Amino acid sequence: MFLLFGFKTVLKAQPGKPATCQYCRSFVHHHLEERATKFTLFFVPVFTTSRKYNITCTNCGYVSSISARQKRALELQR
């Protein structure tokens, strides 16, 4: 029997928001990105193994990782 499995990383852009950058101290829009790693069986995603969130400053390009709890807090502030 031949079994084909692996992992696939999926990037998904989330709506960002204006905030003060930790690095350049500018109040600009930040982009939020979700990076999910999925287990695949015969090239079909079966389940998600990990999920990470990055927020990027549009002024200086500084990228910082945030937790799922911080991401939910950003969604509630809209």
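None of the figures in this text is laboratory data; all of them are computed from the coordinates on show. Every value quoted in this text rests on a predicted model; they were computed, and no experiment measured them. Neighbour counts run over all protein chains shown; Cβ positions are idealised from the backbone, glycine included.
Please work out which one of (1) basic (Lys, Arg); (2) surrounded by 14 or more Cβ atoms within 10 Å (Cβ to Cβ); (3) out of contact with any Ser or Thr (no Cβ under 7 Å at 6 or more places or on another chain) is the condition residue 72 fails and give its number.
All conditions pass for residue 72, except number (2).
Search segment 50-69 for residues that are basic (Lys, Arg) and pair each with any residue that is loosely packed, with under 15 Cβ neighbours inside 10 Å when their beta-carbon atoms are under 6 Å apart and the residues are at least 6 apart or on different chains.
52/35
All but one of (1) in contact with a Gly (Cβ under 8 Å, 6 or more places away or on another chain); (2) touching a residue at least 40 places away in the same chain (Cβ under 8 Å); (3) hydroxyl-bearing (Ser, Thr, Tyr) hold for residue 40; state the number of the condition that does not hold.
Condition (2) is where residue 40 drops out.
Of everything in segment 22-65 that's in contact with an Asp or Glu (Cβ under 8 Å, 6 or more places away or on another chain) and either part of a loop (DSSP other than H, G, I, E, B) or not hydroxyl-bearing (Ser, Thr, Tyr) (or both), which residue is farthest from residue 77 (Cα to Cα)?
Selected residue: 51.
Go through 27, 47, 42 for me and flag whichever is at positive phi and either more than 14 Å from the chain's Cα centre (by Cα) or exposed (fewer than 12 other Cβ atoms within 10 Å of the Cβ) (or both).
42
Could you tell me whether residue 19 is more than 18 Å from residue 77 (Cβ to Cβ) and of a type in the set (Gly, Ala, Ser)?
no
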